[in-house]
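Trainee: First, the structure itself, so that you have it in front of you.
The values are calculated or read from the model by the stated rules, or taken from the named source; none is laboratory data. Everything numeric in this text was worked out from a predicted model, so none of it was measured. Heads up, the Cβs are rebuilt from the backbone with ideal geometry, glycines too, and the neighbour counts pull from every protein chain shown. Keep in mind that these areas ignore ligands, DNA and RNA; they rest on the heavy atoms of the full protein, side chains included. Shrake-Rupley method; radii C 1.70, N 1.55, O 1.52, S 1.80 Å.
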Amino acid sequence: MPRMYFGPGDDMFQMLKHPLLSPLFADPRQFPPVQIHVGEDDVLADDAAEYAAQARARARACGPQPAELLTYPGKNHYTVSRGKTQLDKIYSSMRRFIAEN
């Protein structure tokens with residue numbers, strides 16, 4: 001997947017740490033307020049938790065830029081937003097977050 005973002009001659013390990021590919025390697029002082037939705041069984045759940053931790057640390061250091069992590073039990077990367085009821089919950093939490101921030 002990283003090859004879709006960068007050229008074939010680029011070093012794969014350096015590509016994986018590029019801030020445009022992963023916010024985990026970006027400067028957290030530049031993060032906007034962020035709300036993260038992730039399934040408990042998502043392959044990216046650990047990355048989402050780390051990103052939220054970085055954003056919260058940034059908020060403590062740089063001022064009120066909130067970070068909210070919402071984890072959905074029993075969901076994976078593809079099923080977090082499956083179904084009207086689940087989508088309604090997600091959209092409602094997004095509207096609340098935007099209104100508050």
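Trainee: Which residue out of Asp27, Asp11, Asp41 is open to solvent by 40 Å² or more (accessible area, probe 1.4 Å) and either at pLDDT 85 or above or of a type in the set (Val, Ile, Thr) (or both)?
Mentor: Asp41
Trainee: Here's a check for you: in region 54-100, which residue that is without any contact (Cβ under 8 Å) to a residue 24 or more places away in the chain and surrounded by 14 or more Cβ atoms within 10 Å (Cβ to Cβ) is farthest from Val34 (Cα to Cα)?
Mentor: For region 54-100, the residue satisfying everything is Gln86.
Trainee: How do the pairs read when you match residues in region 41-53 that are farther than 17 Å from Ala26 by Cβ with residues anywhere that are open to solvent by 50 Å² or more (accessible area, probe 1.4 Å) and in a helix (DSSP H, G or I), using Cβ under 9 Å and keeping only pairs 6 or more apart or on different chains?
Mentor: none
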